[in-house]
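The values are calculated or read from the model by the stated rules, or taken from the named source; none is laboratory data. Since this is a predicted model, take the numbers as computed values, not measurements. Ideal geometry is used to build each Cβ from the backbone, glycine not excepted, and the neighbour counts take in all protein chains shown. In case anyone asks, the SASA skips ligands and DNA or RNA and just uses the protein heavy atoms, side chains included. Shrake-Rupley method; radii C 1.70, N 1.55, O 1.52, S 1.80 Å.
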Amino acid sequence: MGLRLHNTLTRATEPFEPQDPERVGIYGCGPTIYGHAHIGNFRTFLFYDLVHRYLEWKGYGVHFVMNFTDVDDKTIRAAREAGVGIDEFTEPFAVAVLEEADALGMARFDLYPRATAYVDGMIELVQTLLDRELAYVTDDGSVFFDISAFPEYGKLSGKDLEQVRTGERVAGDEYGKDDVRDFALWKAVKPEDEEVGAAWDAPWGRGRPGWHLECSVMGLREVGTTLDLHLGGEDLIFPHHEDEIAQSEGATGHPFARYWLHVKHLRVEGSKMSKSLGNFITVRQLLDEGVSRAAIRHQLLSAQYRRELNFSRAGLEASEKAVARLVDFRDRLRRHPVDAAEGTESGPVARAAHEARAGFESAMDDDLNISGALGALFTFVNEVNAHLDREPVLAAGERDAALALVDSVDRVLGLVGLADRERVVDAEMEAWVQGRIEARAQARRDRDWSRADAIRDELSDRGIVLEDGPEGTRWKRVATGSGEP
Ligand code: AMP
Ligand code: ZN
């Protein structure tokens, strides 16, 4: 059986049939780069990574685009507060997201377009909608989409047109709308937009694009008229994706995406994550604390994307153990004595590997049921571990079949490879810190106190504190950049 996906648009789990299996076109709504991405964002981004890797594992060619939202209300407000232009303000956060994505073992997507580079296309799309009488210009030079002219409005979210936003207050800058339910395609310029360089000339007046419009244009231009998959967090179904459909389909006359997948929001220690509750965690903080990257990846991936996932410290420990079991298992297989003459690949281990692969694939084919897929893998690990306990020597073919299974599923999971890289980094770090501790000890023996202090400061800048005790100097990592001294 092939891959089946739950499509928000049809509310059904359907066979996945891309337009061209050689080039499956995917667009995922990316981060708004006005601060560090939090672990909830990364639940969604790691899901994108899983989709990307799994489709390639199944033999599809994939063209995957994830945008950076670099102009919207939030980036403008934050850039103003910082007293710099939006480009200068957002750049470091774009760099940080990619660094964090790399740290969590995400495979790079094909393209990361930024909204500000596509404003010409946005103006073009608005013009098309005006020409088709699906949009109108207000007195101040803003442009709104006229949802009464698009009868299919509401088809993604299932909202009835009558209910949509009626009773909602009209935003202060949207007073010219014909109908409170209409949404902004183009917002007339305000002095604060000019201040941070967030204003462009358009035939109907100077201003800036609406957020929804940005994703439509980047998706249409970089992926195609009809996306195979459109991904995002569940909060984006309405109005963001509903509005993307209205604008894109209104302009092209074609379906904007065949399958819409939405990731359920991550919870933290049982609660909704929010700054006011004090449980707002960025990936940067966890990395600075020295939390294992493979454990973060495992925990954020461990539940199927439509199921509840609760991030917790206890869960991180369990994830660390799960990753360690995989890594230890592979190490054990590599060390276990083998009989090279025995090339057979039909013994019990090879059979178990075959079953594990089938179990992994059928779980993933079932709407990307990762917990089922991990279950199949761990059943295999347990079975083979028990087999190794009994058999002092393994046929080479059996060992190779087991190793191949681990490598193969890890092309999707990305856990063992990440843990390997982490081990190398940890070993290098350990050697470097030990070298600095030794240099400091020498400085103290030489009574060169300022040099000794300089070395301590050098370490502390990197989040490493030293503790001098009777058995010598020990070190530990502390969080940096998270408000702690
Ligand atoms: P943003 O930077 O807020 O535009 O969000 C980037 C992506 O992260 C979007 O696809 C959001 O739907 C998603 N997202 C935001 N908060 C969470 C959360 N708590 N859990 C999972 N995904 C989230
Ligand atoms: Zn979007």
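Across the stretch 117-135, the number of residues qualifying as open to solvent by 20 Å² or more (accessible area, probe 1.4 Å) and in contact with a Gly (Cβ under 9 Å, 6 or more places away or on another chain) comes to 2. Picking from R169, R181, which residue would you name as being under 29 Å from L261 (Cβ atoms) and either modelled with pLDDT under 95 or assigned by TED's automatic domain parsing to the domain that holds A251 (or both)? Being under 29 Å from L261 (Cβ atoms) and either modelled with pLDDT under 95 or assigned by TED's automatic domain parsing to the domain that holds A251 (or both) holds for just one of R169, R181, which is R181.
Among the residues of the stretch 183-226, the one identified as without any contact (Cβ under 8 Å) to a residue 40 or more places away in the chain, in contact with a His (Cβ under 8 Å, 6 or more places away or on another chain) and more than 16 Å from ligand 1 (Cβ to nearest atom) is T225. If the condition is being open to solvent by 50 Å² or more (accessible area, probe 1.4 Å) and within 19 Å of E308 (Cβ to Cβ), then the stretch 225-239 contributes E234, D235. Can you spot a residue in the stretch 397-409 that is surrounded by 18 or more Cβ atoms within 10 Å (Cβ to Cβ), out of contact with any strand residue (DSSP E or B) (no Cβ under 6 Å at 6 or more places or on another chain) and either assigned by TED's automatic domain parsing to the domain that holds L55 or under 30 Å from N7 (Cα atoms) (or both)? Yes, because at least one residue in the stretch 397-409 is surrounded by 18 or more Cβ atoms within 10 Å (Cβ to Cβ), out of contact with any strand residue (DSSP E or B) (no Cβ under 6 Å at 6 or more places or on another chain) and either assigned by TED's automatic domain parsing to the domain that holds L55 or under 30 Å from N7 (Cα atoms) (or both).
Here E222 qualifies as open to solvent by 40 Å² or more (accessible area, probe 1.4 Å), in the same structural domain as M106 (by TED's automatic domain parsing), in contact with a helix residue (DSSP H, G or I) (Cβ under 9 Å, 6 or more places away or on another chain) and within 16 Å of ligand 2 (Cβ to nearest atom). Of note, H38 satisfies the criterion of being open to solvent by 20 Å² or more (accessible area, probe 1.4 Å) and under 30 Å from K187 (Cβ atoms). Among the conditions (1) within 16 Å of ligand 2 (Cβ to nearest atom); (2) closer than 30 Å to R284 by Cβ; (3) open to solvent by 10 Å² or more (accessible area, probe 1.4 Å), the only one that T8 does not satisfy is (2). Exactly one residue out of D20, D72, D87, D49 is touching a Gly at 6+ places or on another chain (Cβ under 9 Å) and within 16 Å of ligand 2 (Cβ to nearest atom): that is D72.
Scan the stretch 11-24 for residues that are open to solvent by less than 60 Å² (accessible area, probe 1.4 Å) and in a loop (DSSP other than H, G, I, E, B) and the total you get is 2.
The C-beta contact set for the stretch 464-476 (first residue among the aromatic types (F, W, Y), second residue open to solvent by less than 70 Å² (accessible area, probe 1.4 Å), distance under 8 angstrom, 6+ apart or interchain) comprises W475/V433; W475/I437; W475/L459; W475/I464; W475/V465; W475/L466. The combined condition, being within 21 Å of K264 (Cβ to Cβ), outside any loop (DSSP other than H, G, I, E, B), of a type in the set (G, A, S) and more than 16 Å from ligand 2 (Cβ to nearest atom), is not fulfilled by A79. Listed conditions (1) in contact with a His (Cβ under 6 Å, 6 or more places away or on another chain); (2) open to solvent by 60 Å² or more (accessible area, probe 1.4 Å); (3) within 16 Å of ligand 2 (Cβ to nearest atom) are all met by Y27, apart from (2).
Screening the candidates V268, V263 for the property of being within 16 Å of ligand 1 (Cβ to nearest atom), farther than 22 Å from E14 by Cα and open to solvent by less than 20 Å² (accessible area, probe 1.4 Å) yields one hit, V268.
Can you find, within the stretch 430-459, the residue that is surrounded by the most Cβ atoms within 10 Å (Cβ to Cβ) among those that are over 36 Å from the mean Cα position of the chain (by Cα) and touching a residue at least 24 places away in the same chain (Cβ under 8 Å)? My answer is R440. For beta carbons closer than 8 Å, sequence separation of 6+ or different chains, a first residue in the stretch 330-342 that is charged (D, E, K, R) and a second that is open to solvent by 60 Å² or more (accessible area, probe 1.4 Å), the qualifying pairs are D339/V393. Only one entry of V51, V84, V65 meets the criterion of being in contact with a Pro (Cβ under 8 Å, 6 or more places away or on another chain) and modelled with pLDDT of 95 or more, and that entry is V65.
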